[in-house]
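Heads up: the structure comes next, in structure tokens.
Taken together, the values in this text are just the output of simple stated rules run on the coordinates, not laboratory data. What you see is a predicted model; the values in this text were computed from it and never measured. A quick note on method: Cβ atoms are made from the backbone with ideal geometry, for glycine too, and the neighbour counts reach across all protein chains shown.
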Amino acid sequence: MQDIHIHSGGLWFGSGLVRLRTLLGSCVAITLWHPRLRVGGLCHFITARAPVSKGKACNGCYGDSAMAMLQEAIIAAGLVPRQLEAKLFGGGQMFVCEERGPKRCLPNRVQVSNIAMGRALVRRYGHPLVAEHLGGRGHRSLVFDLSTGLAWIKHTPINCSRCEAEAA
């Protein structure tokens, strides 16, 4: 089994005895997998959309362009994109809430827009969404096995005394 680490802004598509690994904070990963052909991939985007004047672009850094690149890889492999199942992971709040003010804890905008973009992209390209683990506080470690389509998540929450007090 080959382990391939996908960094922020990265993507990979292929098949074989491969496990794709990535770490997610407020970023979102979209995994795609064809259950019959056992082929798939992953994109790990940092923000939903590129800024208006992005200068030197990291196309995989932005949800819209990362997913478009993944779709191109699917089509280049001679596959129909809608036949691949999608799973969504990430979008965690990475900073404790005390800095958000005295009233209450709020998720940051990056996290919220990344989750919304991930869901919108899956719908736009017609992938059946079969699982998701999104939001909350903390980061996730993701392992996606291309030989089985299984994904494992280790979620490490960040404790926030203000959030816990509000919930009580």
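Points to keep in mind about this one:
- One decimal place: the segment S8-R124 gains 39.5 nm when fully extended, by the rule 0.36 nm per residue minus the C-alpha distance.
- Spacing of the two label points (7 Å from each Cα toward its C-beta) at V112 and A68, in nm: 2.6
- Positive contributions from Lys and Arg (+1) and negative ones from Asp and Glu (-1), summed over other residues with Cβ under 12 Å from the Cβ of I153, come out at +3.
- Taking other Cβ atoms within 10 Å as a rough exposure proxy, M1, M94, M67, M117 sort from fewest to most as M1, M94, M117, M67.
- Estimated FRET transfer efficiency (T156, L37; beta-carbon r; R0 45 Å; 0.05): 0.85
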